[in-house]
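The values are calculated or read from the model by the stated rules, or taken from the named source; none is laboratory data. Because the structure is a prediction, the values reported are computed rather than measured. Ideal geometry is used to build each Cβ from the backbone, glycine not excepted, and the neighbour counts take in all protein chains shown. Please note that ligands, DNA and RNA were not included when accessible areas were found on the heavy atoms of the full protein model with its side chains. Shrake-Rupley method; radii C 1.70, N 1.55, O 1.52, S 1.80 Å.
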Amino acid sequence: MRIDQLGKGEWRLSKLGEADWIPATLPGEVHVALMAADRIPDPFVSDNERHVQWVAETDWEFEGRISVSDELLNEDRVWLEFDGLDTLAQVFLNDSLLGETENAFRAYAWEVKQHLNQGENSIRIVFHSPVNYVNPLHEAQPLPSPTESLPGGPYLRKAPCQWGWDWGPKLPPIGVWKDARLAGYSDAKIETVHLRQKHLFSGRVVVTADVVIKKWSDTPLQLCLTLTDPDGKTFATTCKMMKSSAVVEIEIPDPVLWWPNGYGEQALYEVSVKLGTEDEVLLDQQAFQIGLRTLELKQEKDDFGESFTFVVNGVPIFAKGANWIPADSFPTRITKDQLERLLADAALAHHNMIRVWGGGFYESEDFYDLCDQYGILVWQDFIFSCSIYPLDDEAFVENVRQEVIENVRRIRHRASLALWCGNNEMEWGWEVWGWSEGEMLKLREAYRRFFYETLPAWVSDLDPDTPYWFSSPSSGRPFENCNSNEAGDAHYWDVWHGAKPFSAYREQYPRFMSEFGFQSLPPLKTIQTYASEEHWNLTDYMIEYHQRNAYASPLFMGQMAQHYMMPVDFPSLVYMTMVLQAEGIRFGVEHWRRNRHRVAGTLYWQLNDCWPVASWSSIDYFNRWKALHYASRKFYAPVLLSIEDIPVSKTMKVHLTSDLLTTWTGRITWALQKLDGKVLDSGELEAVVDSLSSGLMMEKAFPQLSIDDQRETFFVAKLIQADEVLATQIATFVRDKHLKLRNPQLKAYLREAENQEAIIEVEAFSLARFVELSLDDADVVFSDNYFDVLPGETVRVTCPLPDDWTLDDLGKSLTVFSLYDSFA
């Protein structure tokens, strides 16, 4: 066996037929290479995106010179392998056409030993414009797709969002977007490995490997399966390969189970599958990472309809997380460090599930490795979204079949894999978006047949151990109440797109909320990367160019006017949109977690961004936490203290919700206070909440409060265990815009802690709401942010000291800002 990576060769790029060459890399993408050569401006800056549309309308050619080793040529057979070509490619080796590609989600390989020369060889990859390919198809038969996208995307198997979305640019990438290699083998090679596990009543686990090989000699072969547990102990078995397939198994006597984040440890086993001769000459090998666990999607009749609950190792999990989009519009720029930063930040905020949304792409091995390591369950959509696809075309369906086979085989062994889902919002489109009218109606039956019969049959055959769901959202009944509160999963967008108040979330009781969201502007530092200060106005051309939702500005201002005083300047507006977003999502999540007996999960839209933009994300393109991500660390806490305010009766209900596997006990203190800190009423109670449950701890009405009293009063509850305050929640009797807030006279005291950390202690003279800490000259993640400071009390926050910074440097760079400052 010999593997030579193509990226080690010398590569260049040109428009097809022009021979105007610039340096290129493999993996590599046209826009990225053009930027590196100063041929185009950065499309993420200003409105440069519209000036580079010609790139995706042009045909391109990659050319590489690679040296082939004698070791490779000594192998019996040699394949040229590409893990991902985006998308319409012709591949030539030494001027011989090997084949053509038409699916960015598939791997392609050609046997090439007969075409190779000893020494230097030439590889040419011609890419044809995706835009020019789909345009005539769309003109002949227009297929609905998102209004913010270039038309025709459904005809080509590449990431739908790359054509444009209501948070993403119109920048369809072109290039070799994954690894490529020359791979040589003798006698035989491994084709597929299917790892499965059986959990016995004794507590033992049997791991099986169903291995299929490709063999072309009579050499006797053997297969070795090795498992290494988290402590380094190995288990191994060997068998003779008498045929082209074999099933081998290993029993683990004392397995360490894998758990989602917050429920236990993420124990991972390393698996090695080696194919060799009987005299132990290695011919091929594959390595995997698995976690030992059981998983099911529990859908059972109950008092509310039918449940939709993920159960891991027998424990019903409340799914807490967000939706995931590609981390960059140009996938070749995505690094493992970038993925780890995002997924680690999700885990830090107590997320335990992420939905790989169907408008992106099947993610990289690094992504799934990290989800395994951080305990983040993966809801995996197949790549269909918000469009009608030509599912009546046999060639298109066959292309998708190969895509499904390859990606299910690649991902199915993952501990983190929780669900295969057919598509994003297509069933919703058929039900209420007007698709079922006119000439599109003929494709509705093709949709039903594919997602309710064909695709689930493929998945069942390839991965019988992972649940399949038809669409998101779906009730499980084709075209019937797909956003049902009785069964299936739901997407609720009436607060954003419908401009309903945040209180509308409390009217929804979905069995699983897989999408809902509210936008914000990104942090001001991010805005500065695409718009200079002269553009700092919400409706300025440049600000709205990096805002792809057409109605966002009036939606921002409408919701803001309901809750807050109008901000005095643009930086205050940026702050206010982030606070507004965080409060809206908090309002929904707390309600659904209080009703965990009915609702089994919430995945807000969205975790991340693919470019600098106003969007629904909680972490922006530069990995800066918005207020929402700090809020998610609180509303996704394992033990949640929440206040359900009833404005009509001036009543406050205090709830505790627990995701713990044991009973939680502690105390709750509460107080009715004036904004200046004067306590009007208070109390304390013992608090007990059972495992995996939610309960009402106290309910108290304050009928004596006049309108004037309500404007100067707030209710606060604290969760305490062993004299440590674990959480503080505030609720007001009027909206924040009507509170008689005064200058809180915030003060911040700094001192240095161990491990290059700083401690920031914030005090306020009167109630300070949504206190924001920021550094002018660096980006850090604070232990808390956008928090309330009670009058006369101190909030203690920590943060890492940036490299080579002193405490004095931190003090000079620190800004402390509150709701009062945004309008005063």
| Rounded to the nearest 10 Å², the accessible area of Met557 at probe 1.4 Å | 60 Å²
| Label zone at Asp302, where the point sits 7 Å out along the Cα-to-Cβ direction: the range 472-495 residues whose backbone N lies under 14 Å | 485-489
| note | Per the range 347-455, sqrt(5λ) over the Cα gyration tensor eigenvalues, sorted largest first, in Å, gives 30, 16, 9
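Just how large is the dipole of the range 691-751 about the Cα centre, in debye to the nearest 20, putting +1 at every Lys and Arg Cβ and -1 at every Asp and Glu Cβ?
Numbers: 9 positive and 7 negative charges, 71 e Å.
The calculated dipole for the range 691-751 is roughly 340 debye.
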| Got a sec? Charge dipole of the chain, +1 on Cβ for Lys and Arg, -1 for Asp and Glu; which of Thr798, Leu85, Tyr269 is way out at the positive end? | Thr798
| task | For the range 693-756, divide the Cα radius of gyration by the Kirkwood radius and give the resulting Rg/Rh value with two decimals. | result | 1.10
| task | Could you pull out the pairs from Lys178/Lys214; Lys525/Lys626; Lys525/Lys634; Lys189/Lys240 whose alpha carbons sit more than 20 Å apart here? | result | Lys178/Lys214; Lys525/Lys634
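In nm, what is the difference between 0.36 nm times the number of residues separating Thr147 and Gln5 and their Cα-Cα distance?
On the way: separation 142, 0.36 × 142 = 51.12 nm, distance 4.05 nm.
Full extension from Thr147 to Gln5 adds 47.1 nm.
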| Label-point gap, in nm, between Leu660 and Lys336 - each point 7 angstrom along Cα→Cβ | 3.6 nm
| request: Tell me the Kirkwood hydrodynamic radius of the range 340-396 in angstroms, computed as one over the mean inverse distance between distinct C-alpha pairs. | output: 12.9 Å
| query | If you project the alpha carbons of the range 239-345 onto their three principal axes, what span does each projection cover, largest first, in Å? | reply | 61, 41, 26
| Among Pro230, Leu257, Ala180 the positive-end extreme of the charge dipole of the chain (Cβ point charges) | Leu257
| field | Mean projected area in nm² (Cα convex hull; one quarter of hull surface) for the range 102-169 | value | 6.7 nm²
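Would you please put 683-691, 157-165, 81-89 in order of how densely packed they are, using the mean number of other Cβ atoms within 10 angstrom per residue and starting with the highest?
Ranked by mean Cβ neighbours within 10 Å, highest first: 157-165, 81-89, 683-691.
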| field | Percent RCO, i.e. relative contact order, over the range 272-425, from Cα pairs under 8 Å lying at least 6 residues apart | value | 20 percent
| Separation in nanometres of the label points that stand 7 Å from Cα toward Cβ, at Glu437 and Thr237 | 6.1 nm
| query | Which residue, chosen from Leu641, Val579, His629, occupies the Cα position most advanced towards the positive end of the dipole of the range 555-669, where the dipole is computed from +1 (Lys, Arg) and -1 (Asp, Glu) charges on Cβ about the Cα centre? | reply | Leu641
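Going by average Cβ density within 10 Å per residue, which order do the peptides 769-775, 659-665, 397-403, 748-754 take, highest to lowest?
Ranking, from highest mean packing down: 769-775, 397-403, 659-665, 748-754.
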| said: Explain nothing, just the number: dipole magnitude of the chain about its Cα centre with +1 on each Lys and Arg Cβ and -1 on each Asp and Glu Cβ, in debye rounded to the nearest 20. | reply: 1860 debye
| In the range 8-45, which GluC sites (Glu not before Pro) fall in coil by DSSP and have 12 or fewer other Cβ atoms within 10 Å? | Glu18
| task | In whole angstrom, note down how far apart the Cα centers of the range 118-189 and the range 1-46 are. | result | 16 Å
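Given that compact globular proteins tend to follow 2.2 N^0.38 Å, what is the ratio of the alpha-carbon Rg of the range 225-272 to that value? Please report the intermediate quantities before stating the final value.
On the way: Rg = 13.8 Å, N = 48, 2.2 N^0.38 = 9.6 Å.
Rounded to two decimals, the normalised Rg is 1.44.
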| request: May I ask you to derive the FRET efficiency for Arg444 and Asn481 from their Cβ-Cβ distance with R0 = 22 Å, giving the value to the nearest 0.05? | output: 0.85
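Given the -39500 (n - 2.57) contribution per DSSP H run of 4+ residues, what per-residue ellipticity at 222 nm results for the chain, rounded to the nearest 500 deg cm²/dmol?
Working: 17 runs with 158 residues, N = 824.
Dividing the helical sum by the residues of the chain leaves -5500 deg cm²/dmol.
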| request: Tell me the label-point distance for the pair Asp779, Glu644, using the 7 Å Cα-to-Cβ offset, in nm and rounded to one decimal. | output: 3.9 nm
| message | Probe radius 1.4 Å, ligands and nucleic acids ignored: give me the carbon and sulfur share of the accessible area of the chain as a rounded percent. | response | 46 percent
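Using the eigenvalues of the Cα gyration tensor, what equivalent ellipsoid semi-axes result for the range 152-273 when each is taken as the square root of five times the eigenvalue, whole Å, largest first?
On the way: eigenvalues 266, 146, 32 Å².
Working through the eigenvalues yields semi-axes of 36, 27, 13 Å.
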| request: Mind jotting down the distance between the C-alpha centroids of the range 430-446 and the range 349-422, whole Å? | output: 25 Å
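Rounded to the nearest whole Å³, what is the per residue volume of the convex hull around the Cα atoms of the chain? Don't skip to the end; give the middle numbers.
Numbers: hull volume 149.1 nm³, N = 824.
Taking the convex hull of the Cα positions in the chain, it is 181 Å³ per residue.
Would you mind getting the accessible area per residue of the chain, heavy atoms of the protein chains only, 1.4 Å probe, in Å²? Please list the in-between numbers first.
Values: 31360 Å² over 824 residues.
Using a 1.4 Å probe on heavy atoms only, each residue of the chain averages 38 Å².
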| said: Could you tell me how far the Cα centroid of the range 640-658 sits from the Cα centroid of the range 500-578, in Å? | reply: 27 Å
| remark: Here the range 287-401 gives, from Cα atoms, an Rg and Dmax in Å of 16.8, 49
| the range 757-824: Rg to Rh, with Rh as the Kirkwood radius over Cα pairs | 0.97
| message | Give me the percent relative contact order of the range 625-757, please, defined on Cα pairs under 8 angstrom at least 6 residues apart. | response | 24 percent
| field | Sorted peptide list for 421-428, 99-106, criterion being average Cβ within 10 angstrom, highest first | value | 421-428, 99-106
| Kirkwood-Stokes translational diffusion coefficient of the range 608-761, alpha-carbon pairs, 25 °C, 0.890 mPa s, µm²/s | 135 µm²/s
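Need one number: convex hull volume per residue for the range 410-530, Cα atoms only, in Å³.
On the way: hull volume 23.1 nm³, N = 121.
With only Cα atoms used, the range 410-530 gives 191 Å³ per residue.
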| For q = 0.16 Å⁻¹, what log10 I(q)/I(0) does the range 123-212 give under the Debye formula with an equal point scatterer on each alpha carbon and no solvent? | -0.79
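Only four residue types carry charge here, +1 at the Cβ of Lys and Arg and -1 at the Cβ of Asp and Glu. Report the dipole size of the range 309-380 about the Cα centre in Debye, rounded to the nearest 20.
Numbers: 5 positive and 9 negative charges, 58 e Å.
It works out to roughly 280 debye.
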| message | Rounded to the nearest angstrom and ordered from largest down, what semi-axes does the equivalent ellipsoid of the range 1-93 get from its C-alpha gyration tensor (root of 5λ)? | response | 31, 12, 12
